[in-house]
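The values are calculated or read from the model by the stated rules, or taken from the named source; none is laboratory data. Computed from a prediction, not measured in an experiment: that's the story for all the values here. Cβ: placed from backbone, ideal geometry, glycine included. Neighbour counts: every protein chain shown. Ligands, DNA and RNA are stripped out before the accessible areas are found, and what is left, the full protein with its side chains, is counted by its heavy atoms. Shrake-Rupley method; radii C 1.70, N 1.55, O 1.52, S 1.80 Å.
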Amino acid sequence: MNSTLLRPQLPRASASPSRWGSPEPRRVLLGSVVGFGGRGGGRCRRGVATAASSWMEEAGVAVLEEGVRRNPAVSDSYRPPEMPRPNAAVLEAQARVCTGPEQTRPLGEEQAMRVLDTILRSAMGELKDEPVSSAQLGAFFAGMTIRANSFPEATQWSEGERRAMSLFWPRLVNVLPAEVKFIADPEGTIMGANGLTGPRYIGQSTAEMRLVSALREVLAGGHLGYEEVQGVLKDVLPVDLASANSTIVSEALLAAFLIGQRMNRETDRELKGYCLAFDDELGPTPVADVKSLTHYGEPYDGNTRFFRSTLFVAAVRACYGEACLLHGVEWMPPKGGITEGQMLKFMGANTHLSPLQAKTLLEDENAGFAYLSLQEACPPLYSIIGLREHIKKRPPLATSEKVQQFVKGEEGALSMTTKERSAHASKGLPVNHCSGFWTPNSTSFSDGISREGFRVIVNAQELGFESTETPRTDRSVLKNLELGLAALSGEKGPAYDRIVLNAAMVDHLLGCTGAEDIKSALDRAREAIDSGNALSRLMNYIKISHKVS
């Protein structure tokens, strides 16, 4: 397989799902499941300000040296420089045609002509500087095929797309690889006499044969079973990364599979297959000896507009024994926004901890939280970051929140806001919507576990917060850190309020000890900040992350 879009492959690591905690001390699995999911003056005492300055003094030299090579204060700079960029013209078209049955926007004739001409010239070797990648070809033609086969009339091919394809396909069929011709017309029903490759195509390896078989169903608008999804993923993303031949299928086929399942709207069975595909393949899961553990799976592609608070929330909750595991990546398309990995790296922390090292930090009384990169936790999934950029839309691997949906926060993330909801807010679940379950005294049992469900829309004004606009960061890692560190230093304002609200509400909704009453939960979060404890834990984390073995 052409592996130009795949990230460098890494040593084995372990990750598997776990549950949120309980009030009693217990051993907690360290895994990869997605979890939670006022103005005024005054600063904290001098000792806290000194702690913040200490970080600048210790990390400043490293930050300046890194800044000579690039600008680490901006999220875009964390994009791996060796990763080839997609062709912009085709990517723009993918954004329109590689989406859902109602969201797809057919191309006009002029744009369709331009896109197909770009693909033709690239296939003929004329676009050396900005070629159309194999993954883009797979995603684009998968989108076109699924629309022709199964979408409602309004989002099927436009007349302009039909005329453009009838003009260009007789020439494209002579220069496109066989797998792309299969994707464009798998059963020979779309392109007429020029669509004969698809029905005969079977793939070039055992893994490709299984993938091609699954793709026939996906390209027809159909769905797969749990075992079928898992089988394909384990074939195309092998755990044995030491093998030079570990990527053994065409990027076009893999891209078509991922975007095709996304366009067909994954079933619960399919999402379960994606969520659990690699849980048992990377060895025993470390077990953290903490009373409870909350997993924070923020969107891996980060924030591009608003303040991202979860790193600071984790430091606050760690102060009173609510351990937090953050997981993510340094940079992820399509947004390429600010992530916890970027912030920690900018401050000088070690962001390449193994799961065992993360366990040590969770158990450390001076830290109590940890960040785990997908790069170490699940190398097979990390390896397809480049592919994700070239398919434009999120793949099923990035939509597991559909299974859980605990919190709907700002910018599609987990952070609740103190801003009053607008009367003209968009349809669907409102921001600050929370749902899930806790484990208090209950008579409702499921799978042997006592559960009590909840569903609530958090109104910050009812909790005493003033309605404020969320601070803008606009991809600035430095700005996000300045806001968070100032808040942890005791500076009151919108960032401070959001950290307090998010820490306290997670404690309260999960039924954490000491947070049964929301006012007590809010007071405890404020005390963790105003005492300087939360800031100290963040500074401690940076130091300890380099000492764990």
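Just need the Rg to Rh number for the stretch 99-276, please, alpha carbons only, Kirkwood Rh. Don't skip to the end; give the middle numbers.
Values: Rg = 16.2 Å, Rh = 16.7 Å.
That ratio is 0.97, to two decimals.
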**Prompt:** Where does each of 540-547, 457-464, 218-225, 343-350 land if you order them by average Cβ count within 10 Å, highest first?
**Reply:** 343-350, 218-225, 540-547, 457-464
**Prompt:** Which lysines, on any chain, are close to Lys492 with Cα under 16 Å apart, when same-chain ones fewer than 8 places away are left out?
**Reply:** Lys419
**Long-range HN-HN contacts of Phe306 with modeled amide H, under 5 Å** = Thr473, Asp474
**Message:** Going Cα to Cα from Lys393, which lysines come in below 23 Å? Please leave out same-chain ones fewer than 8 positions away.
**Reply:** Lys181, Lys234, Lys272, Lys335, Lys402, Lys408, Lys427
**Prompt:** What aspartates and glutamates could a cross-link reach from Lys359, if we take a straight Cα to Cα line under 17 Å and drop same-chain neighbours fewer than 8 places away?
**Reply:** Asp289, Glu322, Glu376
**Prompt:** For Gln204, which sequence-distant residues (separation of 5 or more, or a different chain) have an amide H within less than 5 Å of its own amide H, given hydrogens modelled in the peptide plane?
**Reply:** Met209
**Check: the stretch 99-276 dipole with +1 on Lys, Arg Cβ and -1 on Asp, Glu Cβ, in debye** = 180 debye
**Prompt:** Each residue of the stretch 141-158 in order: what ³J(HN,Hα) in whole Hz does its phi give by Karplus 6.51 cos²θ - 1.76 cosθ + 1.60, θ = phi - 60°, with x for Gly and Pro?
**Reply:** 6, 5, x, 5, 5, 4, 4, 5, 8, 9, 7, x, 4, 5, 10, 6, 4, 7
**Request:** Please get the size of the charge dipole for the stretch 247-348, origin at its Cα centre, with Cβ charges of +1 on Lys and Arg and -1 on Asp and Glu, quoted in debye to the nearest 20.
**Result:** 420 debye
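Can you tell me the equivalent ellipsoid semi-axes for the stretch 320-393? Use √(5λ) from the Cα gyration tensor, largest first, whole Å.
Numbers: eigenvalues 133, 34, 19 Å².
One finds semi-axes of 26, 13, 10 Å for the stretch 320-393.
Could you provide, to the nearest whole Å², the per residue accessible area of the stretch 99-276 with probe 1.4 Å? Before the final figure, lay out each step's value.
Working: 7440 Å² over 178 residues.
In whole numbers, the stretch 99-276 has 42 Å² accessible per residue.
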**Complete:** Phi angles of the stretch 538-547, converted by Karplus (6.51 cos²θ - 1.76 cosθ + 1.60, θ = phi - 60°) into ³J(HN,Hα) in whole Hz with x for Gly and Pro, give 5, 5, 4, 4, 4, 6, 5, 4, 8, 9
**Residue-by-residue Karplus 3J(HN,Hα) for the stretch 165-173, coefficients 6.51, -1.76, 1.60, Hz, glycine and proline x** = 5, 5, 7, 8, 4, x, 8, 5, 4
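Is there a quick way to get the dipole size of the stretch 93-165? I mean about its Cα centre, with the Cβ of Lys and Arg at +1 and of Asp and Glu at -1; what is the value in debye to the nearest 20? All intermediate terms of the calculation are to be shown ahead of the outcome.
Details: 8 positive and 10 negative charges, 21 e Å.
That gives a dipole near 100 debye.
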**Item:** Amide H partners (placed H, <5 Å) of His327, local residues excluded
**Value:** Tyr296, Glu298, Leu372
